[in-house]
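Encoded as structure tokens, the structure appears first; notes follow it.
The values are calculated or read from the model by the stated rules, or taken from the named source; none is laboratory data. Values in this document were obtained by computation on a predicted structure and should not be read as measured data. Counting neighbours? That spans all protein chains shown, and the Cβs are built from the backbone with ideal geometry, glycine included. These accessible areas exclude ligands, DNA and RNA; they are computed on the full protein's heavy atoms, side chains included. Shrake-Rupley method; radii C 1.70, N 1.55, O 1.52, S 1.80 Å.
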Amino acid sequence: MRRSRELDDEPTERARVERWHAGLDRGLPTRVVPRFAKRWEVTVTDLGFPCHVLTPRNRPVTRTLYYVHGGGFMAPIDPWHVRYATRLADAIGARVVMPDYPLAPEHTWKDSHDALVDDAARWAASDGGAVLAGDSAGGGLALAVAMSMRDRGLAQASSLVLHAPWVDLTTSTPETFAVDAIDQWLFIGKLQAYAGWWAGSDDDLGRPEVSPALGDLTGLPRALMLYGTRDLLAPGCRLLVRRAAEAGWDLTAVEEPDLIHVYGLLPFVPEGARAFRQVREFVG
């Protein structure tokens, strides 16, 4: 958070991110997962982009945790994503499937959406089914994938877990601009720039594949959403709560006062531990 700052301008930020991507190591970052190599076996499937399948070495697998990582659609899988996903998978008796989808601004939602839908549906149809989860941009993407799985008549996830999902890239909720003043991590200028990159065009910003809160929410799997009030994405989460109620979708929302973005993934803090227990109990 100390390094967080608003962008200077969109072209400069785009150039910065593209330079960063050019030097990225896109291997699975496992360094903060204790004894990872002894406890997990990793295979990689090709979806047109890599998808990591993490199978535990020391316990039976009863289902799949399909985890879509966050990062504003422009950052890769982070070591803490892997740590959280493997901890949750251990707690619920699952393998982890973690797609490394193509990033903006070089890519848009069109470059990964269909592949993610087909892959998530394949795991949902496998023995034990699948929990579909994600954080931030990945949470919104997980919800968009679930909606397309439903629309295409494919197997659905048993449940959804959404940590502060980014579900309205149009920023249609005016209170977003007020929350910008109290969120020390996320910034409205970056939010708008990254949204435009991921959508690819202004016409696509409101599509359900990009802004799932604006789409049809009927007939989706039961879901748990956790977010804090000092989060620029909180207004979009509240919009999702309102629209879920109108649609009759079974969405349990946990809004925590004064907590920051994706607090449920933070290690070594009591609020993160509480969120972990809530997710474990919800998934069952």
- Identify all residues within region 20-58 that are open to solvent by 80 Å² or more (accessible area, probe 1.4 Å), at pLDDT 95 or above and over 22 Å from the mean Cα position of the chain (by Cα); write none if there are none. A22, P34, R35, K38, E41, R57
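Name the one entry in L214, L251 that is closer than 25 Å to L116 by Cβ, within 18 Å of the chain's Cα centre (by Cα) and open to solvent by 50 Å² or more (accessible area, probe 1.4 Å).
It is L214.
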- Task: Identify all residues within region 147-177 that are out of contact with any Gly (no Cβ under 9 Å at 6 or more places or on another chain) and either more than 17 Å from L217 (Cα to Cα) or buried (at least 24 other Cβ atoms within 10 Å of the Cβ) (or both); write none if there are none.
- Result: P174, E175, F177
- Considering region 104-131 alone, what residues qualify as being outside any helix (DSSP H, G or I), small (G, A, S) and without any contact (Cβ under 8 Å) to a residue 40 or more places away in the chain? A125
- Identity of the residue in region 121-142, over 12 Å from T62 (Cα atoms) and not hydrophobic (A, V, I, L, M, F, W, C), that ends up most open to solvent (accessible area, probe 1.4 Å): R122
- Note on the structure: In region 5-14, residues that are open to solvent by less than 90 Å² (accessible area, probe 1.4 Å) and farther than 17 Å from P76 by Cα total 6
- Residues being modelled with pLDDT of 95 or more and either closer than 24 Å to T62 by Cα or assigned to a helix (DSSP H, G or I) (or both) - total across region 251-284: 17
